[in-house]
1. Which value in nm describes the separation of the simple spin-label points at Leu60 and Phe12, placed 7 Å from the Cα toward the beta carbon?
2. To the nearest 0.05, what FRET efficiency results for Gln3 and Phe23 with a Förster distance of 25 Å applied to their C-beta separation?
3. Hey, got a sec? Which trypsin sites (Lys or Arg not before Pro) in the stretch 13-50 land in a DSSP loop and have at most 12 other Cβ atoms within 10 Å?
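None of the figures in this text is laboratory data; all of them are computed from the coordinates on show. Worth saying up front: this structure is predicted, and the values here are computed from it rather than measured. Positions of Cβ are backbone-derived with ideal geometry, glycine not excepted, and every protein chain shown enters the neighbour counts.
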Amino acid sequence: MSQVICPLCGKFVSVRHYDPSGFEEDILLVQVQGLGRGKGVEIVEKYSLLNGENPELLDLISDRVAVIYDLLYEETEETEDNEEESDTRQHESLTELDELDKEILSAEEEYEDINDLDEDILE
């Protein structure tokens with residue numbers, strides 16, 4: 001059985017049971033109180049970190065999310081940049097070919113004009 005280690009918090013979760021679709025779309029701080037030995041805890045208070053009450057913790061989370069984002073999307077952004085550069089180079093090559101084609105056509109027209117003059121002289 002494979003386990004996933006969350007890159008944000010380090011929690012181990014079974015791959016079969018990992019489904020983040022039902023996760024809360026907020027960052028909650030939960031204060032709990034113990035119920036005694038072996039009896040668990042009860043939730044005393046919940047509040048969102050997004051309201052600005054604990055900026056230090058929110059900064060830590062934001063910094064870590066930025067690292068994870070770079071980890072996931074850095075290669076994709078590099079690939080897109082490389083594709084854009086390739087498209088630009090291809091466009092430049094086509095532009096250069098267009099100019100070369102124009103020169104060749106122009107030279108061919110001049111050659112045809114010279115041939116026409118030769119035919120006129122021979123007649």
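1. Between Leu60 and Phe12, the simple spin-label model gives 2.2 nm.
2. Efficiency at R0 = 25 Å is approximately 0.90.
3. Answer by residue number: Arg37, Lys39.
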